[in-house]
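The values are calculated or read from the model by the stated rules, or taken from the named source; none is laboratory data. Computed from a prediction, not measured in an experiment: that's the story for all the values here. Virtual Cβ from ideal backbone geometry, glycine too; neighbours counted across all protein chains shown.
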Amino acid sequence: MLTILLEPHPDSSVASVAGMRVDYERPAPTGLLLTYVLDGETGDIVLPEASQTPRRQDGLWQTTCFELFLRIDGSPGYWEFNFSPSGDWAAYRFTDYRAGMASPELIRPPRVECTRTDQRLIVTVEINLAPHLLDLPATGELQGIFSAVLEGPAGTTSYWASKHPAGKPDFHHPDNFVPLFPL
């Protein structure tokens, strides 16, 4: 298991959050297991209601949402995945930086589970990266960006990522990608 620490964007923070990390592993050649762990006063974080039937849904980033961006090293195209603590999810394919967005169907949607205590929020995600999904080459490197949007008290929003480019929060920025796994 590997871990990446997430930091708040310099222009935003939630005082009650002591820290956030993502533990990730590749339990199978086409699978990823992600565990987003937020430590702090979780009662200040607004969570959407649990979905009785988790499904694809746009606009999840407008409230508390956990995200993953994936690309193959050297490729301008990438995938964006949004995971709501409600269990809902979204997936988008881009041909280049914020360009050529499509919402392809996923044969096997991500599974998202959320556990909340007074001092910890854990969002666990299982995602299938089968070749039909990412067109994984035989060799290369899988790169990613882990990020989160947290809705706090009175509609405040904070943006968390492993890296932030200069300026406003931009999770899509190509400089944010970090190596995850060799293929």
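Numerical summary
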| item | result |
| --- | --- |
| Residue in segment 38-56 that is among the hydrophobic types (A, V, I, L, M, F, W, C), buried (at least 18 other Cβ atoms within 10 Å of the Cβ) and in a strand (DSSP E or B) present | yes |
| Test result for GLY152, buried (at least 20 other Cβ atoms within 10 Å of the Cβ) and touching a residue at least 40 places away in the same chain (Cβ under 8 Å) | no |
| For ARG98: the one exception among (1) without any contact (Cβ under 8 Å) to a residue 60 or more places away in the chain; (2) among the basic types (Lys, Arg); (3) at positive phi | (1) |
| Identity of the residue in segment 12-31, over 12 Å from the mean Cα position of the chain (by Cα) and aliphatic (A, V, I, L, M), that ends up modelled with the highest pLDDT | MET20 |
| Output for segment 155-183, where each listed residue is polar (S, T, N, Q), in a loop (DSSP other than H, G, I, E, B) and crowded, with 17+ Cβ neighbours inside 10 Å | SER162 |
| Filtered residue count, segment 3-37, keeping only those that are without any contact (Cβ under 8 Å) to a residue 40 or more places away in the chain, more than 20 Å from GLU126 (Cβ to Cβ) and not in a loop (DSSP other than H, G, I, E, B) | 2 |
